[in-house]
Amino acid sequence: MSFQGKNALVTGSSRGIGRGIALKLAEKGARVAVHYYRNRDAAEATLAKIRQLGSSGFLVQADVCRPDEVRRIFEQVRAEFGSLDIFVSNARTEAPTFYQAPMDITLSQWDTAVDSQAKAFLVAVREAAPLMPNGGRIVAITFAPGGRFGSWQPWVAMGAAKAAMESLVRYFAVALAERDITVNSISPGWVEDSVLNSLPEVFQSGLRDWQERGWTPMRRLGRPSDIGNAVALICSQEAGWITGQLIEVDGGASLVDAHLPLEFQGIARQAKVQGT
């Protein structure tokens, strides 16, 4: 699998999952446009790693909540690359801008979540498609449980925004199919160096214990490189018959039955004893 001669854009690629995706595509030979919002130093570090891998690219700054700035991203891609083969929509507004339960969330917080996901994806795909030759690849990074369940109350805005983006993936998959452009979404499980890092410490430590007990059968958090590997697979030439799909990349977490205690499912690990 090689992306030699291909041009890619990964939004939100200055760090975390986005960086893992950008580095995997670069490792396979793609030139990568590294998008960031505020952290230019982190974006420059990503670009430096891309160059160490023998590839190249450029930086592009934009607020994906603003449609005019999303359009400007693609104007820069056209100017720098001339064309685009792979577009990965990964950028997400920071948790404090939307993290509020449904009975308390403001309309401004709601709009921020939706604007950064569904609206940004709608605008971006319509800008990306004219730059793509037949056989291009579009991937949306989502979090499917947020749109499927209602128990993580402060995630309501992002859960709804991601669910709307997943729906757009299916519509765009049909719209672009006759050009052999595939459109898919990838839903990571909990990943190191991701939104997890912006959540309270008690949340982070509790989640790690939860992983080790068996709620994720592989008993570990994901790594940005795990998501990069999945994106590379779905963007490969060999994946040309896969479109409109939601792919869970979560170490098996989506296979565990939340209706039964782990002990009844036969996958529980002894909980750690305090002080041992």
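Readers should treat all values here as calculations from the given coordinates under stated rules, not as data from a laboratory. For clarity, every value in this text was computed on a predicted model and none was experimentally measured. Using ideal geometry, Cβ is built from the backbone for each residue, glycine included, and neighbour counts are taken over all protein chains shown.
Angle between the Cα long axis of helix 224-235 and the longest principal axis of the chain, 0 to 90 degrees, nearest 10?
For 224-235 against the chain, the angle is about 50 degrees.
Take the alpha-carbon positions of the chain, form their convex hull, and give its projected area averaged over all directions (one quarter of the hull surface) in nm².
Over every viewing direction, the Cα hull of the chain projects on average to 15.6 nm².
Rg/Rh for segment 30-110: what does it come to with C-alpha atoms and Rh from Kirkwood?
Result for segment 30-110 is an Rg/Rh of 1.07.
Would you count, across the chain, every pair of lysines whose alpha carbons are under 20 angstrom apart, provided the pair is eight or more residues apart or spans two chains?
On the way: Lys6/Lys24; Lys6/Lys28; Lys6/Lys49; Lys24/Lys49; Lys28/Lys49; Lys119/Lys162.
Count of close lysine pairs: 6.
Subtract the Cα-Cα distance of Leu260 and Arg40 from 0.36 nm times their separation in residues, and report this length gain in nm to one decimal.
74.6 nm
Helix 40-52 sits at what angle to the longest principal axis of the chain, using alpha carbons and giving 0 to 90 degrees rounded to 10?
So the helix axis and the longest Cα principal axis differ by about 70 degrees.
So what's the angle, to the nearest 10 degrees on a 0 to 90 scale, between helix 156-175 and the longest Cα principal axis of the chain?
Its long axis makes an angle of about 40 degrees.
Take the chain, mark every one of the trypsin sites (Lys or Arg not before Pro) that falls in a DSSP loop and has at most 16 other Cβ within 10 Å, then report the longest stretch left between them, sites excluded. Can you show the working numbers first?
Details: sites that count: Arg38, Arg219, Arg220, Arg269, Lys272.
Formally, the longest exposed-site-free interval is 39-218.
Over the Cα atoms of segment 19-63, what is the Rg over Rh ratio if Rh follows Kirkwood?
0.95
Between Ser236 and Glu80, what is the spin-label point distance in nm, taking each point 7 Å from the Cα along the Cα→C-beta axis?
Between Ser236 and Glu80, the simple spin-label model gives 2.7 nm.
Could you size up the charge dipole of segment 2-62 around its Cα centre, putting +1 on the beta carbon of Lys and Arg and -1 on that of Asp and Glu, and report it in debye to the nearest 20?
Dipole magnitude for segment 2-62 comes out near 80 debye.
Translational diffusion coefficient of segment 60-206 at 37 °C, 0.692 mPa s, Stokes-Einstein with Kirkwood Rh over Cα pairs, in µm²/s as a whole number. Please report the intermediate quantities before stating the final value.
Working: Rh = 16.1 Å.
In µm²/s, the coefficient is 204.
Is it possible to state the helix-based mean residue ellipticity at 222 nm for the chain, with each DSSP H run of 4+ residues giving -39500 (n - 2.57), the sum divided by total residues, to the nearest 500 deg cm²/dmol? What is it?
The helix-only estimate for the chain comes to -11500 deg cm²/dmol at 222 nm.
Stretched out fully, how many nm does the piece from Glu94 to Lys49 gain, at 0.36 nm a residue minus the Cα gap?
13.8 nm is the gain from fully extending Glu94 to Lys49.
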